[in-house]
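Everything on this sheet refers to the single structure shown next.
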Amino acid sequence: MNRRPLVFRFFVVLVVLAICVRSGYGQTLKARLDGDQVHLDSPDLHFISADARQVLHDGVTVTYSFRISISASKYSVPAVSITYHCVFSYDIWEERYKVSRSEPGARSASHLNEDAAQKLCVESLTIPTASLTPDSAFWISLEYRMEDRQVSSSGEDQRTWLGAVVEIFSQRKEKPQLTGMLQGGPFRLSELRRR
Amino acid sequence: MKTRVFLGMCAAMICTSLWAQTAATVEKVEVSGIPEQTLSSGLRDAMQKLTGQPFDSQAAEEIASRIQSEHADSIAAVKTLPGAQPSRVKVVFVVARSSGEPDGSDSNVNSQYTVESVEVKGIKRNLYSDALYDEMQKMIGQMLDNKLVEVLRKKLAAEPLLKNQYTVSQKIERGSQPQHIRVIFEGEKLPWVFRATLGKVIKVNGGSFNISVGNSTPTDKDIVEAVDITGFNTGSLSAGLRDELNAMVGKRLDTLEINHLRDRLQTEVKGDYSVNTKSAKGSKDGTAHVTYDVARQPWLPFRNDTSVFAYHPKQGVSAFCCGSEFIKALFLSLGTDGDTLIERYKGYDTGLEFVSLGTRHLGASIEVSTYGVIWKSQTLNLLAAQPNLAGAYRTRQNIAPSVAFAFNRFSYVTAGMNFTELHMYEPELHWQSAHEATGSFHFDSKNIQKGKTSIQYAASYDIRSGTKALDSDFVYTRHRWDALYSIKSGRHKGKLTLFAGRITGNPPLFERFSLGNTTTLRGWNKYDLDPIGGTRLAHLSTEYWYRVFGFFVNTGMVWDDGQPAVVRNSLGVSLGPLALGVPVKCSQSCGPTFLIRF
């Protein structure tokens, strides 16, 4: 066995993966204060995956759910959790995105490019300052997940391991369901940048 | 919907005011959102009279008002588009149904476009009903109703000749004219094996499972109708958690929320129980039922796990796998393993194991194994030079009954016998016995959760003794101590493992210690270090992981009583199951070694 090329290839793979991970480091979560709401900002966050994009370009609505968790330290149990949903659709004629925050409270914007739609969605995720202690440090975790969009073929049944296999093989266009998580902190309400 | 129409109207007003300044000539007048034929002839005439005239926003607004009066459930707005020439304009009366619904989760920006055609691809026309076909075609001329498309897709999938045979998805494409779209339903035939078995129950060893696909899985569109907890008295849960669980009822199914509450539930019921989540369709269409299954965990673990999947360039592939799918107590492993011992064995290992014999304190197992054994030339050469050691054998057969007693979920002891028969090569093929009494003590703290940090520490001691009292040809005593400390915080993980061993007497080769495989002294080759193994052992492994990337340092020594112990080190990096181990201060015959271990 020629060991040197094998070792070299292994390191090349490691370097490539390290670069990939490094790109993940760029996704930082920031917070700013606007009135009685803390708004989130993550300019580098691109959560719309290639699969989700394909679904959107097929004219179908895609929903992402976001869960904001507030904790006292980076790894402690969240004290406050808030869930939001952002609904994306893609205008097949104008080739622009529309994003709606469905709950809590509805708001929407259209004629956006993909980056702007994602940014607007993240910016619409807010934390009421009433749920935060003014002088205590806190961490914010943002989990996101593309909601399942089911494409069915039958009626009543039960999900089994084999059923899952069937779904994998039979719904290859319908399975994109990516998750991700960002964390930022420590923040203090009194030190947050005001809009 | 109202928002959209309002925005459309605003845009129309702006456009109108801009165009009014230049008094552009109306080139064409169109209606979008409803078929033009549904308007009265008088209104249609009035619209066409705008053609060729300078654009008059007031006249256009009057026509929009007349459209609204003829379609009471709609809102009409005037939209102007650039014409073929700069001085010309095209006027479109955009008509939308005023459903009064706010922009919700089903809002789709393409709902502003008119459906030009509805097609079904991949499914022959004779496989679905005329009624459904007609229903689909009724969408033509209307503005896209995303909910209706979803309903029709479900109906198509549920057609008798398509159910369990096809999956159906939908997509939208641009139409032949601007502002028009084509709705396409795409059917895809399932692989034959699934079509043949869907919806049928297959019995296996008394159990059953249902093979099928479909809409059993609720989606985020469904409303939670009930949240149940099974296997645990909910009265023992905190009021806060109970309230949060109940608060899910009536809301949309939210997987993140379900998982969050599962974690909280797990924290409250402690490690003596495991919590699993099941989400299923509810009793009514559009509803979901969430169940948290809380199951009491046995105190004793399964002890007969011999599975190995590994590759070492100088030791070959090891694949020894296990199964206990149909009857939990029955295990069966088979394959070949050249990683664990000095020998490479191939064969099977089967038996029965009960982790709870009426009580969680008591367990028992009986294991039967038969292996053919292959030796490396380095081992055979060294054995030839040391005739006082137990020799090589061709076959190894073993019966091992044992019982286990758990004090609690953290610690247990075992006691048993190993009746091993060895088909020895030298001086001629003959059978010898290695009959052992065995005992062990195990402690495992399990994962101690502190916030998002979990810590585990474990220790064990194992003793095996071959004795004449059990009619053994080999007389020896083998001790082994193991310790583990592991910490996980977020995506970071650290692990420290330490083990040591000592053998007195003359043990058979399968009991001798070795180092230099895919888990110990990674990068070294055990056949270079000590081809026949040793009777003394010490090894320390330190690992750090970030996600799937790891770094490790191994230190260890294996030697025989009366010989000097040589400390050897290795370090390396890991990527999931892949690792590159680099021996430290080794001779020219060794170097970085690529390893795989699952």
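The values are calculated or read from the model by the stated rules, or taken from the named source; none is laboratory data. Just so we're clear, the structure is a prediction, and the values are computed from it rather than from any experiment. Please note: Cβ atoms are built from the backbone with ideal geometry, for glycine as well, and neighbour counts cover all protein chains shown.
Remarks
- Hey, B:Leu341 under 17 Å from B:Thr306 (Cα atoms) and at pLDDT below 90 or not: no
- When the range B:433-452 is limited to residues that are of a type in the set (Ser, Thr, Tyr) and assigned to a strand (DSSP E or B), the one that is nearest to the other protein chains (Cβ to nearest Cβ) turns out to be B:Ser440.
- Checked against the criterion of being touching a residue at least 12 places away in the same chain (Cβ under 8 Å), touching a strand residue (DSSP E or B) at 6+ places or on another chain (Cβ under 9 Å) and over 30 Å from A:Gly185 (Cβ atoms), the candidates A:Ile82, A:Ile92 yield just one match: A:Ile92.
- Test result for B:Ile34, more than 14 Å from every other protein chain (Cβ to nearest Cβ) and at pLDDT 75 or above: no
- Residues in the range B:552-575 that are without any contact (Cβ under 8 Å) to a residue 40 or more places away in the chain, closer than 18 Å to B:Asp339 by Cβ and within 12 Å of chain A (Cβ to nearest Cβ): B:Ser574 only.
Results for (1) surrounded by fewer than 16 Cβ atoms within 10 Å (Cβ to Cβ); (2) within 13 Å of chain A (Cβ to nearest Cβ); (3) part of a helix (DSSP H, G or I); (4) in contact with a Cys (Cβ under 8 Å, 6 or more places away or on another chain), shown as yes or no for each residue.
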{"site": "B:Asn246", "(1), (2), (3), (4)": "yes, no, yes, no"}
{"site": "B:Arg264", "(1), (2), (3), (4)": "no, yes, yes, no"}
{"site": "B:Ser274", "(1), (2), (3), (4)": "yes, no, no, no"}
{"site": "B:Thr277", "(1), (2), (3), (4)": "yes, yes, no, no"}
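- Selected residue (criterion: nearest to the chain's Cα centre (by Cα)) from residues of the range B:39-67 that are more than 17 Å from B:Ala24 (Cβ to Cβ) and among the acidic types (Asp, Glu): B:Glu62
- Top-ranked residue in the range B:318-331 [being loosely packed, with under 15 Cβ neighbours inside 10 Å and of a type outside the set (Phe, Trp, Tyr); ranked as nearest to B:Leu578 (Cα to Cα)]: B:Cys321
- Any hit, the range A:70-78, residues being more than 10 Å from chain B (Cβ to nearest Cβ), closer than 27 Å to B:Ser489 by Cα and either in contact with a Pro (Cβ under 8 Å, 6 or more places away or on another chain) or at pLDDT 80 or above (or both): yes
- B:Thr359 being outside any strand (DSSP E or B) and β-branched (Val, Ile, Thr): yes
- Considering only residues in the range B:360-387 that are among the small types (Gly, Ala, Ser) and in contact with a Phe, Trp or Tyr (Cβ under 8 Å, 6 or more places away or on another chain), the one that is nearest to B:Ser411 (Cα to Cα) turns out to be B:Gly363.
- Qualifying residue in the range B:421-432 (condition: crowded, with 16+ Cβ neighbours inside 10 Å, assigned to a strand (DSSP E or B) and within 14 Å of another protein chain (Cβ to nearest Cβ)): no
- Considering residues of the range B:377-411 that are part of a loop (DSSP other than H, G, I, E, B) and buried (at least 16 other Cβ atoms within 10 Å of the Cβ) only, the residue modelled with the highest pLDDT: B:Ala392
Here is a yes/no grid of residues against (1) surrounded by fewer than 18 Cβ atoms within 10 Å (Cβ to Cβ); (2) within 30 Å of B:Met557 (Cβ to Cβ); (3) in contact (Cβ under 8 Å) with a residue 40 or more places away in the chain:
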position	(1), (2), (3)
B:Ala437	yes, yes, no
B:Thr453	yes, no, no
B:Trp481	yes, yes, no
B:Gly494	yes, yes, yes
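- Of all residues in the range B:161-178, those satisfying the criterion of being closer than 19 Å to A:Val60 by Cβ and either touching a residue at least 24 places away in the same chain (Cβ under 8 Å) or surrounded by fewer than 19 Cβ atoms within 10 Å (Cβ to Cβ) (or both) are B:Tyr166, B:Thr167, B:Val168, B:Ile172, B:Glu173, B:Arg174, B:Gly175.
Okay, residues lined up against (1) loosely packed, with under 15 Cβ neighbours inside 10 Å; (2) at pLDDT 95 or above; (3) farther than 24 Å from B:Gly581 by Cβ:
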site	(1), (2), (3)
B:Arg491	yes, no, no
B:Ala500	no, yes, no
B:Leu509	no, yes, yes
B:Leu521	no, yes, no
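- Residue satisfying all of: in the range B:426-469; among the hydrophobic types (A, V, I, L, M, F, W, C) and under 30 Å from B:Ala385 (Cα atoms); nearest to the chain's Cα centre (by Cα) among these: B:Ile463
One line per residue, one yes/no per condition, for (1) within 22 Å of the chain's Cα centre (by Cα); (2) within 12 Å of chain B (Cβ to nearest Cβ); (3) modelled with pLDDT of 80 or more:
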site	(1), (2), (3)
A:Arg3	no, yes, no
A:Leu6	no, yes, no
A:Val15	no, yes, no
A:Ser23	yes, no, no
A:Lys30	yes, no, yes
A:His39	yes, no, yes
A:Asp58	yes, yes, yes
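- Within the range B:582-598, if we keep just the residues that are within 14 Å of chain A (Cβ to nearest Cβ) and among the β-branched types (Val, Ile, Thr), the residue that is surrounded by the fewest Cβ atoms within 10 Å (Cβ to Cβ) turns out to be B:Ile596.
- The range B:534-551 residues that are away from chain A (no Cβ under 14 Å) and over 22 Å from B:Leu580 (Cα atoms), paired with ones that are β-branched (Val, Ile, Thr) and crowded, with 20+ Cβ neighbours inside 10 Å (beta carbon under 6 Å, 6 or more apart): B:Gly534/B:Val558; B:Thr535/B:Ile503; B:Leu537/B:Val558
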